[in-house]
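First the structure, in the form of structure tokens, and then the observations on it.
Every read-out reported here was derived from the displayed coordinates using simple, explicitly stated rules and does not represent laboratory data. Quick caveat, the model's predicted, so the values are computed rather than measured. In this analysis, Cβ positions are derived from the backbone assuming ideal geometry, glycine residues included, and neighbour counts consider all displayed protein chains.
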Amino acid sequence: MKNVLVAFILSFSITAHAQEKVAATSQFSIEGTVKNPLIVGFKEAAAYAVVSIDSLVIYNHLHERKRSLINIKGILLKDILTKAGIDQASPKLLSEYYIICIASDGYKVVFSWNEVFNTTIGNHIIIATEAGGVKGEAMPDKMLLLSAMDTNTGRRFVKGLNKIVIERVN
């Protein structure tokens, strides 16, 4: 009985930190150690190259199916970060930077500079501007960030993307 109680408490505490009801956002800012701080909404996103994914299943940390998205269109995180420009003159030091993607409810996910710009994962980190044939402002969660190459896609699935902060490891 004690083991069941401990398992229940652990599953509740893990679930409590998952992103549930989140205020939808129509734009997000890019700030931190950047040359050009940006605010990107659906209008600004239209200026970037569009990428598409046929479908994506969102799995939680236990690899349980939570939801599915179909006909996803969006823009690459790395394209927006390129426009903002990390304020670092030495390419050697770029490996010391990380990207924090923050939702309107404070949920945070982190990517390293190398992960975004130096692996194929960076070609699959998308800010969705359309899903299931629903575009931009009409999307229930509005600004979404997803990392389609992750095994447990829900771990870095950000609903209500509000802010992206670039920082350097101290």
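Structural remarks
- Full-extension gain in nm, Ile100 to Asp79, via 0.36 nm per residue minus C-alpha separation: 6.0 nm
- Remark: spin-label model distance Arg65-Ala49 equals 3.3 nm, labels positioned 7 Å along the Cα→Cβ axis.
- Least to most buried among Phe117, Phe157 (fewest other Cβ within 10 Å first): Phe117, Phe157
- Pairs of Cα atoms nearer than 8 Å and 6+ residues apart set the relative contact order; for the range 21-168 it is 35 percent.
- Packing order of peptides 39-47, 68-76, highest average first: 68-76, 39-47 (average count of other Cβ atoms within 10 Å over each peptide's residues).
- Between the Cα long axis of helix 2-16 and the first principal axis of the chain there is an angle of about 30°, rounded to the nearest 10.
- Dipole magnitude of the range 21-168, debye to nearest 20 (Cβ charges: Lys/Arg +1, Asp/Glu -1, about Cα centre): 180 debye
- Reach of Lys73 by Cα under 30 Å, taken over lysines that are not fewer than 8 positions away in the same chain: Lys21, Lys35, Lys43, Lys83, Lys108, Lys135, Lys142, Lys159, Lys163
- In angstrom, the C-alpha Rg and Dmax of the chain are 16.8, 59.
- Ranking of Lys159, Lys78 by neighbouring Cβ atoms within 10 Å, starting from the fewest: Lys78, Lys159.
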